Amino acid sequence: MPTKIKNILLILITAVFLLGFSVWSVLKPDEKESVSERRQLAEFPALNMETVLSGEFMSSFEKYTLDHFPMRDGFRTVKAVTSFYIFRQKDNHDIYIKDGYASKLEYPMDKESIGYATDRFRFVYERFIAGTDMKVYLSVIPDKNYFMAKANGYPSMDYGAFIDEIRSQMDFADYIDISDHLELSDYYRTDTHWRQEKIFDVAVHLASAMGVSLKGEYVEKKAEKPFYGVYYGQSALPLPADKIYYLDNQMLNRCRVYDYETDTYLPVYDLEKLDGNDAYEMFLSGSKSLLTIENPSVSNGKELIIFRDSFGSSLAPLLAEGYEKITLADIRYMSPNMLERFLTFKNQDVLFLYSTTVLNNSITIK
């Protein structure tokens, strides 16, 4: 075939490809969110003289087109596989894989973020707890980088300094160190969270430090659905799925979980959530601002309030054995000013339980 014809065919094929994708992109219905990345996708920006002249329209339009490009997830996978396995990049958009575990770099330590979080916790203490005889505890959950980053040559926070910073600003709380009871295998390979079936020793340690004993006679059950954690979608790599196991017994079956948002009772383990975008939400139904676990099997007069993030959803059921009532408050989803509408702070213990990831990105705390 003559060179001239080859060049013409190449140009035609390229033009058809570009035109086809352009038309496809215009005709394809917009999606509101990316299931794999668990985030909202950019919407078509407002088009007017002001946004055009300021450059805001073109900047927002670029984000919109990138979010709604046809076969976007497929191209993301090709890029990620090429970056990791061909060009041997150490990470892709701060996500790295080592020994089958995916994690996202959390570096450097943000003292302003820590300060904001501890200011909000101090507000809760001074508003509701100071001057009472309630005991207050603090525990920090290390993210997977605590076990993975420094050991594999990635930037890593000084976790000792991180915890010291928090403890110094929360001198009203007794610190309970759980780091010695954790290891990398206690976390999901594709997700940020810890595995409930691996953390009963953490629950025992926390409970013991708060004056409660746990026996832990549970049956380990396996969820039938595979679990693809948040890093599976964000990395865009074909990582093997995790399995979710949960600990169950008759005591937990008798517990009642009250949801203040909906004024309804929920199961401790909401197995219907296994079919949703985030199967980890099966633990206490996921992101809820205020819940109580009422345990009719216990009559020791003990109650616990946990100020927590999502890690607390899988831990709290393991603490239920030691308390008549556990209240879980997530002040990322409700203002602390609203707490007195629902809670009476009297004769309870209080535990502030947060992951390093949330504390280092505390803008979500109200």
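Assorted remarks:
- Residue pairs whose Cβ atoms lie under 6 Å apart, sitting 6 or more positions apart in sequence or on different chains, and linking a residue in the stretch 178-192 that is over 19 Å from Pro226 (Cβ atoms) to a partner that is open to solvent by 40 Å² or more (accessible area, probe 1.4 Å) and acidic (Asp, Glu), are His181/Asp201.
- Candidate set: the stretch 214-259, residues that are of a type in the set (A, V, I, L, M) and under 17 Å from the mean Cα position of the chain (by Cα); chosen: the one most open to solvent (accessible area, probe 1.4 Å): Val230
- Count - residues of the stretch 144-169 that are surrounded by fewer than 20 Cβ atoms within 10 Å (Cβ to Cβ) and in a loop (DSSP other than H, G, I, E, B): 5
- Filter pass, Glu183 being touching a strand residue (DSSP E or B) at 6+ places or on another chain (Cβ under 6 Å), charged (D, E, K, R) and at pLDDT 95 or above: no
Here is a yes/no grid of residues against (1) within 13 Å of Ile129 (Cα to Cα); (2) within 17 Å of the chain's Cα centre (by Cα); (3) not hydrophobic (A, V, I, L, M, F, W, C):
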| site | (1), (2), (3) |
| --- | --- |
| Ala316 | no, yes, no |
| Ala329 | no, yes, no |
| Tyr333 | no, yes, yes |
| Leu339 | yes, no, no |
| Phe345 | yes, no, no |
| Asp349 | yes, no, yes |
| Phe352 | yes, yes, no |
| Ser355 | no, yes, yes |
| Thr364 | no, yes, yes |
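- Taken over the stretch 290-314, residues that are over 21 Å from the mean Cα position of the chain (by Cα) and in contact (Cβ under 8 Å) with a residue 60 or more places away in the chain amount to 2.
- The stretch 321-366, residues that are in contact (Cβ under 8 Å) with a residue 60 or more places away in the chain and touching a Lys or Arg at 6+ places or on another chain (Cβ under 6 Å): Tyr323, Ile331, Asp349, Leu353, Ile365
- Filter result for Lys288 (surrounded by fewer than 22 Cβ atoms within 10 Å (Cβ to Cβ), basic (Lys, Arg) and within 27 Å of Thr190 (Cα to Cα)): yes
- Every residue from the stretch 98-130 that is open to solvent by 40 Å² or more (accessible area, probe 1.4 Å) and among the β-branched types (Val, Ile, Thr): none
- Tally, over the stretch 188-204, of residues that are open to solvent by 60 Å² or more (accessible area, probe 1.4 Å) and assigned to a helix (DSSP H, G or I): 2
- Among the numbered conditions (1) assigned to a helix (DSSP H, G or I); (2) under 23 Å from the mean Cα position of the chain (by Cα), the only one that Ser208 does not meet is (2).
- Members of the stretch 97-120 that are part of a helix (DSSP H, G or I), without any contact (Cβ under 8 Å) to a residue 60 or more places away in the chain and basic (Lys, Arg): Lys111
- Top-ranked residue of the stretch 83-96 - restricted to ones that are in contact (Cβ under 8 Å) with a residue 12 or more places away in the chain and open to solvent by less than 70 Å² (accessible area, probe 1.4 Å), ranked as farthest from Asp143 (Cα to Cα): Phe84
- Residue in the stretch 337-345 that is in a strand (DSSP E or B) and surrounded by 17 or more Cβ atoms within 10 Å (Cβ to Cβ) present: no
- Scanning the stretch 232-246 for residues that are farther than 21 Å from Gly276 by Cβ and aliphatic (A, V, I, L, M) yields one hit, Leu237.
- No other residue among Ser213, Ser139 is touching a helix residue (DSSP H, G or I) at 6+ places or on another chain (Cβ under 9 Å), assigned to a loop (DSSP other than H, G, I, E, B) and under 15 Å from Asp349 (Cβ atoms) apart from Ser213.
The values are calculated or read from the model by the stated rules, or taken from the named source; none is laboratory data. All of these numbers come straight from a predicted model, not from anything done at the bench. Note that we place each Cβ from the backbone using ideal geometry, even for glycine, and neighbour counts take in every protein chain shown. Note: accessible area is taken over every heavy atom of the protein model, side chains too, but ligands, DNA and RNA are not part of it. Shrake-Rupley method; radii C 1.70, N 1.55, O 1.52, S 1.80 Å.
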